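Please treat every number below as a calculation from the coordinates, not as lab data. Values in this document were obtained by computation on a predicted structure and should not be read as measured data. We place every Cβ from the backbone using ideal geometry, glycine too, and count neighbours over all the protein chains shown.
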C-alpha cells in the first residue's frame, strides 16, 4: 500500500505550466542584458533575419579612443578620451551579455555621427533556411493530365 499514488490529470496540467514558465524565463534570460556603469547611456537593439544591430550613442567621443573586447558571451565597450584645458576627460564603459545564437567572432563595428553601430550576425546553424519539397511539380502535371 505504501508508495502507491493515484493519477491526477491536474498534476499533469501543473507540470506543463511549470515547464512553460521555465522555458519562458530561460528565453528572457538569454536576451542581451547590460550592466550599466556610472554615466552609461542606453542603447538600441534592432533585429533582422541576419542578426542584431546595436546602436550605442557616443557623442563627442573620437572612435580612435573606443575599445571593443569580446570574451565568452560578453561584449565590453570602453571609451577613454583624454581631456584638454577646455574639455574634461570622458570615460565610458558598458558590458553586454550576448545570446549564444549570435556569432561574436564575426562582429563588425562602425562609427557615424556620434553613434557606434555594432552588427552581430546569427550563427550559421541558427539561420532559417528553405527546404524544397520534391514532387510538387510532378503532382501538378499528373492532376492536369487526368
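A few points about this structure:
- When peptides 104-116, 73-85 are sorted by average Cβ neighbour count within 10 Å, with the highest value leading, the order is 73-85, 104-116.
- Estimated inter-spin distance, residue 101 and residue 64, nm [label 7 Å along Cα→Cβ]: 4.1 nm
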